[in-house]
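FYI, it's all coordinate maths here, none of it is from the lab. Everything quoted here is computed from the prediction, not taken from an experiment. With ideal geometry, Cβ positions are generated from the backbone for all residues, glycine too; neighbour counts draw on all protein chains shown.
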Amino acid sequence: MTMPAIDISEAEFKKLSAENRGRVVIIDVREPDEFEIIRFRGSRLFPIRNILKEGLNPDPASVVILVCRTGSRSYIAAHSLKIISPSPVYNLANGIAQSYREGNQLLEYGKNAKMINDYFKPSG
């Protein structure tokens, strides 16, 4: 069964994570070099290009939250790709950038953390 994706805010992400401790699976759809800058503790790297090829078939008991830097790639993955799940798949709408600005304690730095300021610098 395919369920619709649900966009969630940073506050909803924190609540969902707390209420479903042990069942939450955070799928990071960014590229490996981005994952090595900053990521959610315990998240799994599954770049969007791989999801495009392979799809995503999570454990039925898990609560799946897709994340990326700003929420754009995870939105595409959550809303456009074939994700087979008996429960909803969530998209962190404003991405890791919002979590970083709000000081989310679930974030951890990777080996490329020194690039953090450039990574979150506004483009344009």
Amide H within-cut-off set for F120, under 5 Å, with H built and near neighbours excluded: none
Structure-derived Cα extents along the principal axes in Å - corresponding label in (i) 42, 32, 25; (ii) 62, 34, 19; (iii) 50, 37, 23: (i)
Order by protection proxy (mean Cβ within 10 Å, highest first), peptides 109-118, 40-49: 40-49, 109-118
Charge dipole magnitude, Cβ of K and R +1, D and E -1 - the range 2-63, Cα centre, debye nearest 20: 220 debye
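As a test, work out the antiparallel percent of DSSP beta bridges whose residues both lie in the chain, rounded to the nearest 5.
Details: 3 of 18 bridges.
Given both bridge residues lie in the chain, the antiparallel proportion sits at roughly 15 percent.
Nothing charged except the Cβ atoms of Lys and Arg (+1) and of Asp and Glu (-1): what's the magnitude of the dipole of the chain about its Cα centre? Round to the nearest 20 debye. Don't skip to the answer; put the middle values down first.
On the way: 17 positive and 14 negative charges, 21 e Å.
It works out to roughly 100 debye.
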Cα long-axis angle, helix 10-19 against the chain (0 to 90 degrees, to the nearest 10): 60 degrees
Highest-first arrangement of 17-27, 65-75, 94-104, where packing means the average Cβ count within 10 Å: 65-75, 94-104, 17-27
Structure-based [θ]222 nm, the chain - -39500 (n - 2.57) summed over DSSP H runs of at least 4, per residue, nearest 500: -8000 deg cm²/dmol
